[in-house]
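Data first, discussion second: the structure below is written as structure tokens.
The values are calculated or read from the model by the stated rules, or taken from the named source; none is laboratory data. All values reported here derive from a predicted model rather than from experimental measurement. Here the Cβ is made from the backbone with ideal geometry for all residues, glycine too, and neighbour counts use every protein chain on show.
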């Protein structure tokens, strides 16, 4: 089998107003630069068949030349894009689907490919630099322009660092040095994603976690990296919503992305515990999640309060949101995202593991042990659930979340019909448990938030009978969950 050509690049977002300042950064100021005007047309079928299969097809015009590029999705969930790519020169403005054009003719029927049509364009001015960092040759492309679909357009401004030769670590070192001059944020959306959003007239919205697809032939390291990059992507996609309108949905989903990532660190602890950077990154993630916590607590509390204090709480939310925005805009957060992606790609836990046999375990086997272990923990901590105090019941809730995220992360590793049915039943049961415990937790955190704000107002009380019924419901949900047959042992 022929080895597919790979492109390795780190994508970063930059404010368009900072583009000129970046070119004046000490690392770049004395370098030769080349300016290019690039017009790229992206193609897909009316049913978006290419996108659904993880491919992007474009023809880029640079002067009188036209180059057709097919890119596979590859490992591009967060910042570091490592993906198969096929390029060939073409004469016209229609895709050429021959042997040089990549695998499309093998993947799609001729009648499907016959419906390919232009969907959108990107028009950018690209400024190219070629710095050398620690002996590594890098191409830096600064792109400023727009994506256009019919009458709609959206600005584009990004930096792509492509490794030409040398150690990939140099990409991240360069990113950190440039961030000292202008703010750079980890990029998780390709130009084609922006264009598809325009073409489909997608409205801004909170982004839920995307399905995790793991390869059954991958090892534990690949599984963790894929999961973690997906969590980072969810956070970053919602971060822009928090910085923009700041709606409750974006705050919640940004926090969920961080919570899922922290759970992944916990679930994969046997794999990463001997890497010293793992604990440092975990603590930074804990800090960042806490920064979002107060806004989320207020979003849950405000609808439950009387009109008399709702205005005070909304003012408090605006203050808390501004605090969150300052934290998100900080160099601490920007560099945390870059550090995470670097560590996931080339950290010691991956390239020089303390336990090579553990690191090389097949993902389905490693995942099954994780699921068994946390199912046992939930069973143990959930004993006599209705009699537990608030603190210990919260521990059950946290353990339940870990098991829920583990089920989300690993479901694709067990594809049989029986496993899928069990997986669906397992998720339904654990969601019922989480809903019941979450509602009880809201009655605990609400008064704490009011006390911190100095607001003298009582929440609608939870009567003893109602509390007993909720606790019994939670116990029933836990019992149902533990009775569901394990999908990972189907």
Considering only segment 441-488, state which residues are outside any helix (DSSP H, G or I) and free of Cβ contacts under 8 Å to residues at least 12 places away in the same chain. 454, 456, 458, 461, 463
Checking the structure you have, find out if any residue of segment 406-419 is more than 25 Å from the chain's Cα centre (by Cα), surrounded by 15 or more Cβ atoms within 10 Å (Cβ to Cβ), touching a residue at least 40 places away in the same chain (Cβ under 8 Å) and not assigned by TED's automatic domain parsing to the domain that holds residue 231. yes
Of all residues in segment 240-272 being touching a helix residue (DSSP H, G or I) at 6+ places or on another chain (Cβ under 6 Å) and not in a helix (DSSP H, G or I), the one that is surrounded by the most Cβ atoms within 10 Å (Cβ to Cβ): 268
With within 29 Å of the chain's Cα centre (by Cα), within 30 Å of residue 228 (Cα to Cα) and exposed (fewer than 13 other Cβ atoms within 10 Å of the Cβ) as the only criterion, which of 52, 58 stands out? 52
What are the pairs, 6+ residues apart or on separate chains, where a residue within segment 238-261 that is under 15 Å from residue 285 (Cα atoms) has its Cβ under 8 Å from a residue that is at pLDDT below 95? none
With respect to residue 342, is the statement that it is touching a helix residue (DSSP H, G or I) at 6+ places or on another chain (Cβ under 6 Å) and closer than 30 Å to residue 169 by Cα true? yes
